[in-house]
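To start, the structure under review is shown below, and the notes come after it.
The values are calculated or read from the model by the stated rules, or taken from the named source; none is laboratory data. Every value quoted in this text rests on a predicted model; they were computed, and no experiment measured them. No Cβ is skipped: glycine too gets one built from the backbone with ideal geometry, and neighbour counts run over all protein chains shown.
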Amino acid sequence: MSDGPPRVGIVVAAHDELTRAATVAALRRLGADVRIELAGSDDEALDRVREISADLLIRDHASAQRLGTLIEGLRPSDPPVVVIVPAGQDRLAVKAFREGAADCVTRSDDYDEVLPVVALEQVRRHRAARDRSRAERRLRDLEELNEHIIQNMNSALVVLDTEGRIAFCNPTAETILGVPAGELSGRPAWTLFPNTPRERVLFSRTLDEGVRYRGEETVITRPDGTLVPIGVSCAPLAGSEGQRLGAVAIFQDLSEVKELQQQVLQTEKMASIGQLAAGVAHEINNPMGFIHANLFQMTEYLGDLRRLWEHVEALQQAAADGKPDALRDAAEALEKLAREVDARFLIGDLENAVRESLEGSERIRHIVRDLREFSHQGGDDRELADLNQCLDSTANIVWSMMKHAAVLERDYGTIPPVLCYPMQLKQVFMNLLVNAYQAIRERGEDDRGEIRLRTRVEGDTAVVVVEDNGIGITSEQRDRIFDPFFTTKEVGVGTGLGLSTAFNIVRRHGGTIHVESRPGGGATFEVALPLRAPEPAA
Amino acid sequence: MSERTSGRARRLLLVDDEARILSSLRRALRREGYEVHTAESPDEALRALDAGSFDLILADYRMPGMTGVEFLARAAERWPDAVRILLTGWSEQVPRAALEAAGVRALLEKPWDPEALKRVIRDSVGP
């Protein structure tokens, strides 16, 4: 089909040569925009019609085939057929109509006036019908496409009525919600959240207050009790005159995403633990080293003491026996041995060795206590925790690996208990501390690094500041510093996940994290956490 | 060991920022007949090296200011004949190349075996 102005196409199939000539002449009167194609047989006529998408087929009565056969072979999209009937043969016209002709024109004197009028009228009708059916088809296609998308999309789609009942849902919704097909309709949406008061269910707020949600994370409960994390977008549904019709919600199953996040978290945790283990091993190895060496030495000292005691016993025996010579010999032998083993020093040093070893074991005890405190974690639930203590127990552990490179200053303000995931926050603090330590090490080794920890309350937020005087970061680095896998460190030193993990954890707590720095001027990370944690949306 | 040191007690310099380690080393070596000197930092140890020669220098790896390997490399510049031994709590962290460059003869892991320590020193400088 050409893109130009729609030309009228008419196919003429006339056996009778005179009729054909008269027909073509009559149609010419319609103007140059009419394209006329001639065909010998009905089959050829049909081919022509389809070839040029003709608007009309004109056929005389002298054809070899039955008119009915031709008309039965027409498709709905094919044009109407106008039949030319010889003058005075009205019977044939009736028959033609019966067989399905759209109209008949008699080969009478006024033929070349009547035919163009009839032809034009048929073309107009055909075009109107064709346009209508095209529009209908387009609408039907659109509807089918819509239906196809809704039925097959990877997201769940749920439409709620004004009462909050499920009016429609797609198969994905049924899959995610774990409900057999067709069983969701009519069910109140808040029953998907049995653990949340009805007015706090996110759909309720959309219905009652028109609140829109985008990518909100929440958890639904399946009939079998399993929990599914989902990301929901929800908007009120309004009619063409603005009347409330309900709400429409789209949500995705976030189980896999959550699992991946968990893996990333775990990877980062393992990398940090490796560094920590090195620091802690060093901290334990020092006291273990001298305790072990001291114990070894003390065994030698005990051997000397035993020999001394044997001499004391011999002296006692000699005294009991009352023989002066033997007594004098025993006393001399004891004195000689005491000199030999340096008994006075030995007893003093034994006391020192015991005291120092006890100190060492006390240090190990502390390290183990710090570790226990650091690794103490609740389950998956949030709990009220002391942020200062979270920070301090983390610093105690991390500091063991950095105490040769940096001094640590602590300046803690009073902070009320905060509802949080303590272990996750400890990981944030650990990542910030390890980062500070690495920034100090990269700066060089001439003067000692400094890490300052400060906490305070500002309005309704708790602020934790980790400040170092390390190499600092450029403004380009600062823009990307919380991106996953962004690292300025050598391969193998950083995972590039530390700060992005910290960022995600802080965001999950409804808080913010930001950094101020300039190259060479150290860096200051500030974590702000709401004192009253926001309720997790449901 | 070299002729230079024969005929007098061997001089050892032990360097660790952990006083208790030095104390236990001194305790273990008391009856071995050495002249034992200790230093609690690389700086202090470098001053001791300026004041006199040593037959053996034993240093901890992780110390403030510089690592034990860096310190031993500097000690070698001053007294190239001194046997150098490194004591470390985490030997995987010690760069092998630096260890070789500093001419470290032996590497002892914390916690160390007291008998092995005495044997290494005895084998290096004699009784």
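Odds and ends about this structure:
- A:D479 being in the same structural domain as A:Y421 (by TED's automatic domain parsing), at pLDDT below 70, part of a helix (DSSP H, G or I) and more than 19 Å from A:V428 (Cβ to Cβ): yes
- Here A:F374 clears all of (1) outside any helix (DSSP H, G or I); (2) buried (at least 18 other Cβ atoms within 10 Å of the Cβ) except the condition numbered (1).
- Residue in the stretch B:78-89 that is among the aliphatic types (A, V, I, L, M), surrounded by fewer than 22 Cβ atoms within 10 Å (Cβ to Cβ) and closer than 26 Å to A:A406 by Cα present: no
- Test: residue in the stretch A:345-356 that is at the interface with another protein chain (Cβ under 9 Å from one of its Cβ atoms), closer than 30 Å to A:M401 by Cβ and touching a residue at least 60 places away in the same chain (Cβ under 8 Å): yes
- Some residue of the stretch A:448-459 being within 21 Å of B:P64 (Cβ to Cβ) and not in a strand (DSSP E or B): yes
- Residue in the stretch B:44-57 that is within 13 Å of chain A (Cβ to nearest Cβ) and either in a loop (DSSP other than H, G, I, E, B) or surrounded by 14 or more Cβ atoms within 10 Å (Cβ to Cβ) (or both) present: no
- Just one of the numbered conditions (1) away from chain B (no Cβ under 14 Å); (2) crowded, with 16+ Cβ neighbours inside 10 Å; (3) free of Cβ contacts under 8 Å to residues at least 40 places away in the same chain; (4) under 21 Å from A:I513 (Cβ atoms) is not true of A:C420: (3).
- Qualifying residue in the stretch A:128-139 (condition: closer than 24 Å to A:A39 by Cα and either without any contact (Cβ under 8 Å) to a residue 60 or more places away in the chain or in a helix (DSSP H, G or I) (or both)): yes
- Filtering A:A102, A:A181 for residues that are within 52 Å of the chain's Cα centre (by Cα), over 27 Å from A:G239 (Cβ atoms) and without any contact (Cβ under 8 Å) to a residue 24 or more places away in the chain leaves a single hit, A:A181.
- Filter result for A:T206 (within 21 Å of the chain's Cα centre (by Cα), in a helix (DSSP H, G or I) and surrounded by 19 or more Cβ atoms within 10 Å (Cβ to Cβ)): no
- Search result, residues across the stretch B:74-92 that are assigned to a helix (DSSP H, G or I) and away from every other protein chain (no Cβ under 14 Å): B:A75, B:A76, B:E77, B:R78
- Qualifying residues in the stretch B:93-114 (those that are at the interface with chain A (Cβ under 8 Å from one of its Cβ atoms) and assigned to a helix (DSSP H, G or I)) - the one nearest to A:V280 (Cα to Cα): B:Q93
- Complete set of residues in the stretch B:62-84 that are of a type outside the set (A, V, I, L, M) and modelled with pLDDT of 90 or more: B:G68, B:E70, B:F71, B:R74, B:E77, B:R78, B:W79, B:P80, B:D81, B:R84
- Identity of the residue in the stretch A:441-460, buried (at least 16 other Cβ atoms within 10 Å of the Cβ) and modelled with pLDDT of 85 or more, that ends up farthest from the other protein chains (Cβ to nearest Cβ): A:T455
- Among residues of the stretch A:63-99, those that are β-branched (V, I, T) and over 24 Å from A:L18 (Cβ atoms), counted: 2
- Answer residue from the stretch A:165-178, given it is within 16 Å of A:P236 (Cβ to Cβ) and surrounded by fewer than 21 Cβ atoms within 10 Å (Cβ to Cβ) and is nearest to the chain's Cα centre (by Cα) among those: A:F168
- Among the residues of the stretch B:7-19, the one identified as within 9 Å of chain A (Cβ to nearest Cβ) and either under 11 Å from the mean Cα position of the chain (by Cα) or modelled with pLDDT of 95 or more (or both) is B:D16.
- The set of residues in the stretch A:357-369 being under 16 Å from A:L295 (Cα atoms) and more than 14 Å from every other protein chain (Cβ to nearest Cβ) is empty.
- Checking B:R27, B:R31 one by one, the residue that is free of Cβ contacts under 8 Å to residues at least 24 places away in the same chain, buried (at least 22 other Cβ atoms within 10 Å of the Cβ), more than 14 Å from the chain's Cα centre (by Cα) and closer than 20 Å to A:A293 by Cβ is B:R27 and no other.
- Of the criteria (1) crowded, with 17+ Cβ neighbours inside 10 Å; (2) touching a residue at least 40 places away in the same chain (Cβ under 8 Å); (3) within 14 Å of chain B (Cβ to nearest Cβ), which one A:A278 fails: (1)
- Verdict on B:S41 being of a type in the set (S, T, N, Q), modelled with pLDDT of 95 or more and over 16 Å from B:D123 (Cα atoms): no
- Residue that is at pLDDT 85 or above and not small (G, A, S), where the choices are A:V491, A:V463: A:V463
- Among the candidates B:L117, B:L87, B:L99, residue that is hydrophobic (A, V, I, L, M, F, W, C) and farther than 17 Å from B:V36 by Cα: B:L99
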